[in-house]
């Protein structure tokens, strides 16, 4: 019973896919984080903090209690992580990890600190970092940086060498003219960082001819040097997004009975001919009696299935599919499908599918066998 409860809690806390309960639970966590951060920001406004300080502290204490419960739950479910080690080690690993430390800090009621003579209420803003766990864009960015870590490290070393060289150069040119600003190489490195990043605060500037020439060269080199890691990260970020989209598409195709018996490479080949489509709320995607010419995969949103036979209407959501028989048989549609919300769909047209089969005879044979089996199942049903 305990294992079952823990597995369910682990599913709610860590799975990106899941039922409505999991989505509601994670949405509640995001709302809690946003409420905490907004309250901490409002508390920093002098007149709001003075007039409504008690109310804001209560809100922060309530959100902190929610974070404390979440933290304890994450410690409890840690042994169910993929590739988990012994329960004690897995729990310790989570507690010492960066997300675990952020969760711990967010679970401490720093709103009480000023009332006991401590100035730690600035840590009330820490929960904003908990949002990163729920943002796909940050996950893609982290994956991109990790995948290109060796190249980025090389670029960082090169930029550090350039910073030290240019700062040293300007130091030797400017140390006599401005001993208060360029009195040492470490002092000159502040100017070097600001100039290489092209920020240019203007608080420290060279005044000698050679110093200005070195400054101009530093600014130009900074543009070139910072373009390297930015380009690397941007390219890796796009690649990470494409990989995730491919995996999601592959999983959708693999669920179809028609393709279930195919190997991974063949499923990927089928996925490559899918076309994206957006459906607006209320849009009729399929009408009963129309000639079938395509099948659909639902990436996001919900659709209504109306067989118009007096039977209750059904619903399909993300991860579901419909119309696959259109690829293997000339049949009329047996139901009307209408979008209940804005939907993101992937469409596999019969013409594209047939053309693809002709260029992949081995795949065509495998699909034909699966198609015959699928039609027999339908007739038997």
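The values are calculated or read from the model by the stated rules, or taken from the named source; none is laboratory data. Keep in mind that this is a model prediction, so the values were computed, not measured. With ideal geometry, Cβ positions are generated from the backbone for all residues, glycine too; neighbour counts draw on all protein chains shown.
When each of 57, 80, 51 is tested for being closer than 25 Å to residue 24 by Cα and either within 24 Å of the chain's Cα centre (by Cα) or in the same structural domain as residue 13 (by TED's automatic domain parsing) (or both), the lone residue that passes is 80.
Would you check which residues across region 93-112 are within 28 Å of residue 53 (Cα to Cα) and either over 23 Å from the mean Cα position of the chain (by Cα) or surrounded by 15 or more Cβ atoms within 10 Å (Cβ to Cβ) (or both) and list them? Scanning region 93-112 gives 102, 103, 104, 105, 106, 107, 108, 109, 110, 111, 112. A single entry from 131, 123 fulfils the requirement of being more than 30 Å from residue 239 (Cβ to Cβ) and either assigned by TED's automatic domain parsing to the domain that holds residue 12 or touching a helix residue (DSSP H, G or I) at 6+ places or on another chain (Cβ under 6 Å) (or both): 123. Residue check: residue 226 meets all listed conditions (1) in contact (Cβ under 8 Å) with a residue 60 or more places away in the chain; (2) in contact with a helix residue (DSSP H, G or I) (Cβ under 6 Å, 6 or more places away or on another chain) but one, namely (2). When restricted to residues that are in a loop (DSSP other than H, G, I, E, B) and either outside the structural domain of residue 229 (by TED's automatic domain parsing) or within 44 Å of the chain's Cα centre (by Cα) (or both), region 157-180 contains 0.
When 252, 262 are checked against the criterion of being in contact with a helix residue (DSSP H, G or I) (Cβ under 9 Å, 6 or more places away or on another chain) and either assigned to a loop (DSSP other than H, G, I, E, B) or surrounded by fewer than 13 Cβ atoms within 10 Å (Cβ to Cβ) (or both), a single residue qualifies: 262.
Do the conditions hold for residue 244, that is, is it within 30 Å of residue 361 (Cα to Cα), assigned to a helix (DSSP H, G or I), under 25 Å from the mean Cα position of the chain (by Cα) and in contact (Cβ under 8 Å) with a residue 60 or more places away in the chain?
Values: within 30 Å of residue 361 (Cα to Cα): yes; assigned to a helix (DSSP H, G or I): yes; under 25 Å from the mean Cα position of the chain (by Cα): yes; in contact (Cβ under 8 Å) with a residue 60 or more places away in the chain: yes.
So residue 244 fits the description; yes.
So that you can scan it fast, the table gives a plain yes or no per residue for (1) modelled with pLDDT of 85 or more; (2) surrounded by 15 or more Cβ atoms within 10 Å (Cβ to Cβ); (3) more than 24 Å from residue 230 (Cβ to Cβ):
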site: 114; (1), (2), (3): no, no, yes
site: 117; (1), (2), (3): no, no, yes
site: 133; (1), (2), (3): no, yes, yes
site: 143; (1), (2), (3): no, yes, no
site: 180; (1), (2), (3): yes, no, yes
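Of all the numbered requirements in (1) in the same structural domain as residue 14 (by TED's automatic domain parsing); (2) in contact (Cβ under 8 Å) with a residue 40 or more places away in the chain, residue 214 misses one, and that requirement is (1). So, of the residues in region 224-237 that are surrounded by 12 or more Cβ atoms within 10 Å (Cβ to Cβ) and either at pLDDT below 85 or more than 30 Å from residue 318 (Cβ to Cβ) (or both), which turns out to be nearest to the chain's Cα centre (by Cα)? The extreme case among them is 232.
Looking across 345, 363, one residue alone is buried (at least 16 other Cβ atoms within 10 Å of the Cβ) and at pLDDT 85 or above. It is 345.
This table checks each residue for (1) in contact with a helix residue (DSSP H, G or I) (Cβ under 9 Å, 6 or more places away or on another chain); (2) outside any strand (DSSP E or B).
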residue	(1), (2)
240	yes, yes
267	yes, yes
297	yes, no
308	no, yes
